[in-house]
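Okay, structure first, notes after.
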Amino acid sequence: MSRYDGDAVGGEAAGPERTFAAPPPARGRGFARTWWGRAWLTALEDTALDGRQLKAGRRLARAGAVGAVSVRPGRITAVVQDRDRTAHRADVLLQELSGEQWDRFLGMAVERAGHVAALLDREMPPHLVEDAESAGVELLPGLGDLEPECDCGTWDHCGHTAALCYQVALLLDQDPFVLFLLRGRGERALLDALRSHAGTRTEKRSRPEGVDAAEAFAVGGIRPGLPAAPPLPVAPGVPPSLDTDGPPPAGIDPSALEFLAARTSAQARHLLAEALRDGHERQSHERQSVEPEPTVARDAVRLAAGDPARAVADRLATGSGRGREGLAVAVRAWRQGGTAALAVLDEEWTVDAEALARARGALESAWAEGDEDERPVFRARANRWTVVGAPVQLRLGRDGRWWPYRKERGRWVPAGGAAQDPATALASARAELRSGRRA
């Protein structure tokens, strides 16, 4: 039996199932502090059709209504009690990775020792997830991946399955191996597979690939069948150096061209990884939103997020009109959520009456179950709510999500990704503030 006390999670990592004891009530705090915990909640909150059920789920989870949580491949289960003490069995399903997907993930992971070391420290660095996606493996759930089942009869996410998902976000914060178990492999099985895969890596590399030239010539006009799709390159291609003996033409910066070529190569590899990913055709057909065309100012931030050389970064800072410090803050926003996060950084807009009523309702319900002393006092201006007496702020995006901000050297800077729940966003801002003070 695992123990959960809000700060540590234990458990039997060897078996195909882990059970986490029912946690105490979690009033007055957010449900996810890590970026991967917030990504789990985003998959829930962007999928659920009824926002009222999400609010009900948050209230139940904060009140300690979620019982012991069972985690096994493809399914999480718990008994959730309504306010009237009626018990319901809630299940949430997540598709397991196939054997081929596990092989691709293991092959990627053993190439980068830092990934394994981070997992052993109960961390999930963003580049591990990005490298897995490039290998065609989705670790974190996406839109519609968390499938609810509840004996209350609701066909979509109900308050019971939502409460279970919020509870699992707390577990994921403490131990990302919970996610791997859901995807099909427990901690011990995963680590054993990594060791086994590393042992055979050298042998596999020594095998020749391709077709012997003499054999290909001998078949003459016989046309062979098309080969299988090539594997995804381990890393983006390296553009040729433009450092020549002669001076460059007037107005041409070779270092800037080399940087643009490198970013183009990285983007091409990302698009190829998307095309090779399982279910890409279906997901492309179902995708409802299209990324807007980039503006010059927005594209300058995107390029700056690629860590260019100092001279190129200075040109981007000047060309974007943001200056060096302003561009650094914009890059932070971009890495938190792309164009949506950048819009929240730049735009201050008047919230219409309907959206304002929804925002105030979300703020009221976020702390409805907590003590009065825990309720923050906000000073509102346009789409920004600043906590009175603290250098933290919530910003409302046009899509209804809340973005955490904190003040740093007199400037408001992003402090985490977006959340549907303002309490979760505020917890992220406060955590970033504490981290900054320790640093």
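Considering every Cα-Cα pair within segment 112-200, what fraction, in whole percent, is farther apart than 19 Å? When every Cα pair of segment 112-200 is considered, 48 percent fall beyond 19 Å.
What's the extension gain from Asp84 to Asp352 if we count 0.36 nm per residue and subtract their Cα-Cα distance? Write down the numbers at each step before the final one.
Details: separation 268, 0.36 × 268 = 96.48 nm, distance 3.67 nm.
Taking 0.36 nm per residue and subtracting the Cα distance, the gain is 92.8 nm.
Computed as a quarter of the hull surface, the mean projected area of the alpha carbon convex hull for segment 394-439 stands at 3.0 nm². Only protein atoms count toward the accessible area here, which uses a 1.4 Å probe; on segment 29-151, the carbon and sulfur part of that area reaches 48 percent. Extension gain for Ala382-Arg335 works out to 14.5 nm (0.36 nm per residue, less the C-alpha to C-alpha distance). Estimated at 0.36 nm per residue, the fully extended path between Glu364 and Glu96 surpasses their Cα-Cα distance by 92.7 nm.
Label sites at Arg324 and Asp151, each approximated as a point 7 angstrom past Cα along Cα to Cβ, lie 6.4 nm apart.
Ellipsoid fit via the Cα gyration tensor, segment 19-162: semi-axes of 30, 16, 14 Å, each the root of five times an eigenvalue, largest first.
The values are calculated or read from the model by the stated rules, or taken from the named source; none is laboratory data. Note that the structure is predicted; figures quoted are calculated from it, not measured. As a convention, Cβ positions derive from the backbone with ideal geometry for all residues, glycine included, and neighbour counts pool all protein chains shown. For accessibility, only protein heavy atoms count, side chains too; no ligands or nucleic acids. Shrake-Rupley method; radii C 1.70, N 1.55, O 1.52, S 1.80 Å.
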